[in-house]
Amino acid sequence: MGVFIGFIAIVALVMYVFADKIKRALFNRFNPMRYLLPAYQRELSSKYSPYSIPMLQTKADAGEFMAAVTIAQIYTKYATLQDDKNTTQPAYWYTKAAELDEDYQQHYFSFLEGGMLPNGDIYPDADALLETLLTVKAEQGDVKQQCALGAFYSHRPQRDPKKEKAKQWLRTAADGQSGDALFLLGKMALESAESHVTLKKQSRRKNENLFLLGLILKDTAFLIHPQ
């Protein structure tokens, strides 16, 4: 029985790792939202001009997230016409929209994960912005984003060489009953076991069980799985 469980854990891990490696490429290449949503936003912003920004800003300040999205699209549209591409203003207003609407926030985070803004523009500071936004939510006690932040760090050695931050946030999320966090902790333990051939069999078996337990408990919450 133990051998069977170990075999299932390894197969699940291999499938998970391969899926993780191609996620960003598939997102950037085949995600229809990359094309459909910018088209919708362009249609929305075509009804307005830069002179509409003060009015839209008042609406955004009153809590209307689509007003903030529209401002971002206006800046995108007119920067393109003037051949003076500037992603700072669109990023600011997309972030504002994400702060106003939780559903849009998840959508925005997925675009940042792909290294771009919702208008389809490549955004060089996407990682830094995503890290900041996730940290704010995680520190406020959002278990889903604590897990997402742990996953963010676990795949970015340049920001967390020893994976200390990754483990910290994943453990915090696991304490908050996140099946995803437990799953990722088990995955990290198994990966570590693969790179240390002297690890005792008993410890390896414990890590496999941790991975399986997380797989069983894994919820459907939004997770970021960066390259």
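Here are some notes:
- Compactness of segment 58-140, taken as the C-alpha radius of gyration over 2.2 N^0.38 Å, stands at 1.06.
- Farthest positive-ward along segment 58-140 dipole, Cα basis, beta-carbon charges - from A126, Q89, S110: Q89
- The magnitude of the dipole of segment 58-140, with charges of +1 and -1 set on the Cβ of Lys/Arg and Asp/Glu and taken from the Cα centre, is near 240 debye.
- Amide hydrogen proximity for M116: with H placed 1.01 Å from N in the peptide plane, the residues at 5 or more positions away or on another chain lying under 5 Å are Y123.
- Environment charge at T58 (Cβ cut-off 14 Å; Lys +1, Arg +1, Asp -1, Glu -1): 0
No lab work stands behind these numbers, since they all come straight from the coordinates. Treat the numbers as computed from the prediction; the structure is a model and nothing was measured. FYI the Cβ positions are ideal-geometry reconstructions off the backbone, even for glycines, and counts take in every protein chain you see.
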